[in-house]
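As C-alpha cells, the structure follows; a few thoughts come after it.
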2 protein chains.
Amino acid sequence: MMEVSEAVAAVLREASAFEPHAISLLDALGLVLAEDVRADADSPPFDKSLVDGFAVRLADCVASLPVIETVAAGQVPTRSLDRPAAIQIMTGAPLPVGAEAVVPVELTSEQIGASGGVHVSIPIKVASWKLDTNILRRGASTKLGDLVVAAGSELRPQELGALAECGLARVTARRRPRVAVLATGDELVPVEQAPGPGQIRNSNETMLCAQLLRACAEPVPLGIARDERAHLRERIDIGLQSDVLVLSGGVSMGEKDLVPSELAAAGVRQVFHKANVKPGKPIWFGVLDRRPNSRTLVFGLPGNPVSSLVCFELFVRPALRRMMGVSSAESVAVKARLTAPHTTKGERPTYQPARLEWQSDGPIVTAIPWVGSSDLRATVAANSMALFPVGDQTYEAGSVIEVIAW
Amino acid sequence: MMEVSEAVAAVLREASAFEPHAISLLDALGLVLAEDVRADADSPPFDKSLVDGFAVRLADCVASLPVIETVAAGQVPTRSLDRPAAIQIMTGAPLPVGAEAVVPVELTSEQIGASGGVHVSIPIKVASWKLDTNILRRGASTKLGDLVVAAGSELRPQELGALAECGLARVTARRRPRVAVLATGDELVPVEQAPGPGQIRNSNETMLCAQLLRACAEPVPLGIARDERAHLRERIDIGLQSDVLVLSGGVSMGEKDLVPSELAAAGVRQVFHKANVKPGKPIWFGVLDRRPNSRTLVFGLPGNPVSSLVCFELFVRPALRRMMGVSSAESVAVKARLTAPHTTKGERPTYQPARLEWQSDGPIVTAIPWVGSSDLRATVAANSMALFPVGDQTYEAGSVIEVIAW
C-alpha cells in the first residue's frame, strides 16, 4: 500500500501540462500564463501629466503666463514651451516639449490678459519646485521589451490588466481541464429525491463539481451509475472522453465494487489501488492512453463524502495543477500550532478536517471533531485538513503540526 | 475630504443586502446562505457498516458462522441476528437488527459448511472487540433538526455537499450583484487596437471585470465612453440598469471630467467626491433610487489603473459583500512585519502595492516599488496593499504595519 507522498508522486508522473492555447483575456482568469509577455511599448508611452493643471517651465513661474493651448487626454500638444507660457493639460495627457512641471489647476487662477488672451496666475513657490513635479516621463514604469508577466504566473485581475495594457486580447495559457464526475452505487438517489430505506442522496457530485470549479477546472457531471456492469461501463466510456474522470464509490472490497474491473475492461491501466491514508484508503488511480499526447487520468475516490473531499484535495488537485502548468503542483502544508490538546488513535496517517487561522504571531489550527468519513457536517466548520501521523499519540496545545488549506 | 474609513462607512450606509432567492446548488458556489438549513433526517439515516465484511454479534465469534444473508449498499437486510450467524454486508449498507460489529472481509475466510451452506471463519480476537466496531449508528454525525449550515455562511464545496445531503437542489441565497463597467476617456482605445499619439489601451475594463468575477459578482462590460456629453449619458443610462455602475476616469478636475455632472443629470445623488487616499483621491460615489427597494450604487473610480484597482478593493468590494449578505462587509487588515526598511513621503494615507506572505512566525510584508498610480506592472508582483499613514516617515525592517490582502 502506497504512502500518500508516493501516491501523489505516481499521479504527477502520469499528469502532464497541456499544450498552450490562445485564450481570451477574461476567460483566462485563474489560469497560468504559458509564455513571457514583454512590453510592446514604453509605459507611459509618452511624457504625461499626473494632474489637471498647467504645464510650465519652472523659471517662467514668476508672473502670470499666457495660456497658449489646451490639451485634453487623448489629444496631443501642437505647441511647445520655448518661451514664458503655460499649456493647460488634463490628467494623463501628453506633455508639450519643454515642460518641466505641471501646476495643479487648484493652485492657479485664470484671467483675461491685457491683449485679450487667457492668462494664468501661478504661485511664486512653483519656481523652486523640483524638475518633473507632477510629470511621469515616458517609460518610467515600463520600457519597451521589459518583462511584464512571466510564464508560469497565475492570471489574476492585475496580470490581466497588465496584459491588456500590452495589447493582448488573447493570451497564451494552458486550458482548463475537463473533468467528468461519476458517482456510483445503487444506494444513491438524486438530491431532489427522497431516499428510501438504505438509500442516501448523491451529495458527492455537487461537492466534487464545486471543488473542480474552485480549482479552475470544467466539471462534466455524469449523474449516478448503478452497480450494474453494462450501465457502469457505458457511463465510464462517456467519462473517459474528458481529460480526467473522477468516480466516487465502488472501489472498496465489496462484491458490488465493480469500478476497478470495469475500468480495466475499458482499457484503463491501474497505477495504484489503496493508499495509507485516513480517510480514503480505497483510492484507485489509473490512466487511459487514448491516442499519442492524449490521455485520461482516472481517479476512483471512496464514496464517503469526507473521503471524496480529502482525496480530491490530496490527489486530484495536484494533477489539475500540473495539467494547467502550475510550477509546484504539490499541495503545500503549513506548520501551525494546535489550539487544544488532541489525541489520535491512528492506524493510518490521518487528514482530519480542521480550522486554520492566520494570526499575527503565526498560524493556529483547531481539529474539528468528526465521527468519520461520512461526517460531511464536520467539514462545514473546517477550511483545511490537519495531518496526524500514524500511531496513538496525545498532542499538547501548542504542538506544531502540518496543515493543508483547502 | 473624507477619510477612507468615513467613505467606506458612507458606502455601506447606502448598500443593503439583496432579497434572498432560490438558486440552484452549483450556481450558489461562493454566495452566502440566507437561511439556516437543518437536517431533514438523521445522518446516517440508518445504522450502517463502515467496511465490507460480516455483521455479527460479538459473543458468537468463537466459531465459524453460517452466512444467512448478503446486503449490498442500497439494499436492506431482511434477516436479523437473533442467533449465532453472520450477515455479509457492504460498506454503507444498513445493518441487520442485532449486529454488534462488522468484521472486515479481509480478516475472514469462507467455506462450504457441512449442511452445504456458506460459512465464514472469524478470528477469535473479534469476540473481545468493542461494541459497534466498524459500525456508524443512525444519527451519529447529524440528528434530524440539527443545524447543518447556518445563515450567513459562505457556500464552499463542503457546504454545497452538506446541503445536497439535506435534499436541497436549490438553496436560499442572495444573488450575485450585476455590475456595469464603463471606462471613460477620449484617450482610450480598445485593447486590440494600436494606440495612436496620446492614446492608451483600455486595460481597466478587463481588470475590473476580473476583480468582479473574483468577488462573485456578474460583470457587464460597457466598453469605452467618449468625453462627449450625449454619448457618455447614453452609456451611463445603460449602466444604471445594473445593481452597481463602476466607471473609471473622468472624475478629476479636468475640463473633460464630465462624469460627475452627467451622473447628476441622470438623477444620481452624490454621496461623496474625493477621499483622503493615495492612489485614488478623486473617487466619486453616489446613488440612484430607481424604485422602492431598487437602487444603483455608482462608483466613479480614477482612471489610472492602480487607482482603479485599489479603489475597487477599498470601496466597491465592501458594497458587494454587503449586497451579497456577508456579515462583515469591511475589508479586514492584518498586521504584518516589514521585510525591509521603507520611507514614506505621504501627503495622504497611502495604500501601496505589497507582497504579503504567511510565515510560521507570523505574516511578513514587502512594499513593491512603484512610480505611481499608472504603474500596473508593480501590482503584478503584489497580492495586497500596505497602508502607510500620512506623513514623512522611515519604517525600520520589522516594523508592524497594516496590510489588506487582495
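The values are calculated or read from the model by the stated rules, or taken from the named source; none is laboratory data. What you are looking at is a predicted structure, and each value in this text was computed from that prediction instead of being measured. Ideal geometry is used to build each Cβ from the backbone, glycine not excepted, and the neighbour counts take in all protein chains shown.
Just a few scattered comments:
Yes/no matrix, rows are residues, columns are (1) hydrophobic (A, V, I, L, M, F, W, C); (2) under 30 Å from A:A41 (Cα atoms); (3) within 32 Å of the chain's Cα centre (by Cα):
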| position | (1), (2), (3) |
| --- | --- |
| A:A114 | yes, no, no |
| A:V126 | yes, no, no |
| A:I135 | yes, yes, no |
| A:L144 | yes, yes, yes |
| A:L160 | yes, yes, yes |
| A:Q211 | no, no, yes |
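- Residues of segment A:140-151 satisfying the condition of being facing another protein chain (nearest Cβ under 10 Å), touching a strand residue (DSSP E or B) at 6+ places or on another chain (Cβ under 7 Å) and surrounded by fewer than 21 Cβ atoms within 10 Å (Cβ to Cβ): A:D146, A:L147
- So A:I135, is it surrounded by 17 or more Cβ atoms within 10 Å (Cβ to Cβ) and aliphatic (A, V, I, L, M): yes
- Strands (runs of 3 or more DSSP E) fully within segment B:353-406 counting 1 or more residues that are within 13 Å of chain A (Cβ to nearest Cβ): B:362-367, B:384-388, B:400-405
- Scanning segment A:245-295 for residues that are within 14 Å of chain B (Cβ to nearest Cβ) and of a type in the set (G, A, S) returns A:S248, A:G249, A:G250, A:S252, A:G254, A:G280.
- Residues being of a type in the set (V, I, T), without any contact (Cβ under 8 Å) to a residue 60 or more places away in the chain and either outside the structural domain of A:I112 (by TED's automatic domain parsing) or surrounded by fewer than 17 Cβ atoms within 10 Å (Cβ to Cβ) (or both) - total across segment A:58-92: 2
- Test: residue in segment A:28-49 that is in contact (Cβ under 8 Å) with a residue 40 or more places away in the chain and basic (K, R): yes
- The residues listed here are B:P221, B:P282; of these, the one that is assigned by TED's automatic domain parsing to the domain that holds B:L314 and in contact with a His (Cβ under 9 Å, 6 or more places away or on another chain) is B:P282.
- Test result for B:V306, surrounded by fewer than 24 Cβ atoms within 10 Å (Cβ to Cβ), touching a residue at least 60 places away in the same chain (Cβ under 8 Å) and among the β-branched types (V, I, T): no
- Selection within segment A:381-398 - surrounded by fewer than 20 Cβ atoms within 10 Å (Cβ to Cβ) and within 31 Å of the chain's Cα centre (by Cα): A:A381, A:N383, A:L387, A:P389
- Scoring A:D289 on the criteria (1) in contact with an Asp or Glu (Cβ under 8 Å, 6 or more places away or on another chain); (2) modelled with pLDDT of 95 or more; (3) not in a helix (DSSP H, G or I) leaves a single failure, condition (1).
- Test: A:D237 is surrounded by fewer than 24 Cβ atoms within 10 Å (Cβ to Cβ) and part of a helix (DSSP H, G or I): yes
- A:A22, sole failed condition from (1) away from chain B (no Cβ under 14 Å); (2) not in a loop (DSSP other than H, G, I, E, B): (1)
- Test: A:E35 is out of contact with any helix residue (DSSP H, G or I) (no Cβ under 7 Å at 6 or more places or on another chain), of a type in the set (D, E), surrounded by fewer than 18 Cβ atoms within 10 Å (Cβ to Cβ) and not assigned by TED's automatic domain parsing to the domain that holds A:L107: yes
- In the condition set (1) touching a helix residue (DSSP H, G or I) at 6+ places or on another chain (Cβ under 6 Å); (2) in a strand (DSSP E or B), B:P66 is compliant with all but (1).
This table checks each residue for (1) in contact with a strand residue (DSSP E or B) (Cβ under 7 Å, 6 or more places away or on another chain); (2) of a type in the set (A, V, I, L, M, F, W, C).
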site	(1), (2)
B:R38	yes, no
B:R57	no, no
B:V62	no, yes
B:E69	yes, no
B:I87	yes, yes
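- Within the span defined as segment B:36-56, one or more residues are more than 30 Å from B:K130 (Cβ to Cβ), within 14 Å of chain A (Cβ to nearest Cβ) and of a type in the set (K, R).
- Residue ID - nearest to B:P190 (Cα to Cα), chosen from residues in segment A:59-102 that are β-branched (V, I, T) and away from chain B (no Cβ under 14 Å): A:I68
- Options A:A210, A:A225; residue that is hydrophobic (A, V, I, L, M, F, W, C) and either within 30 Å of B:L376 (Cα to Cα) or more than 7 Å from chain B (Cβ to nearest Cβ) (or both): A:A225
- Strands (runs of 3 or more DSSP E) lying entirely in segment B:101-148 (those with 1 or more residues that are in contact with a His (Cβ under 6 Å, 6 or more places away or on another chain)): B:109-112
- Check on A:A34, within 26 Å of B:Q199 (Cβ to Cβ) and modelled with pLDDT of 95 or more: no
- Residues (touching a helix residue (DSSP H, G or I) at 6+ places or on another chain (Cβ under 8 Å) and either without any contact (Cβ under 8 Å) to a residue 60 or more places away in the chain or not in a loop (DSSP other than H, G, I, E, B) (or both)) located in segment A:329-352: A:Y351
- Taken over segment A:71-90, residues that are among the hydrophobic types (A, V, I, L, M, F, W, C) and assigned to a loop (DSSP other than H, G, I, E, B) amount to 6.
- Just one residue in the set B:L245, B:L188, B:L182 is under 30 Å from B:A151 (Cα atoms), in contact (Cβ under 8 Å) with a residue 60 or more places away in the chain and more than 21 Å from the chain's Cα centre (by Cα); that residue is B:L245.
- Subset of segment A:176-211 [at pLDDT 95 or above, of a type in the set (A, V, I, L, M) and in contact with a helix residue (DSSP H, G or I) (Cβ under 8 Å, 6 or more places away or on another chain)]: A:V179, A:A180, A:V181, A:L182, A:A183, A:V191, A:M207, A:L208, A:A210
- Complete set of residues in segment A:152-180 that are among the aliphatic types (A, V, I, L, M), part of a helix (DSSP H, G or I) and either facing chain B (nearest Cβ under 7 Å) or within 24 Å of A:P219 (Cβ to Cβ) (or both): A:L160, A:A162, A:A164
- In segment B:188-216, the residues that are buried (at least 24 other Cβ atoms within 10 Å of the Cβ), touching a strand residue (DSSP E or B) at 6+ places or on another chain (Cβ under 6 Å) and in a loop (DSSP other than H, G, I, E, B): B:N202
- So B:G267, is it at positive phi, assigned to a loop (DSSP other than H, G, I, E, B) and touching a Cys at 6+ places or on another chain (Cβ under 7 Å): no
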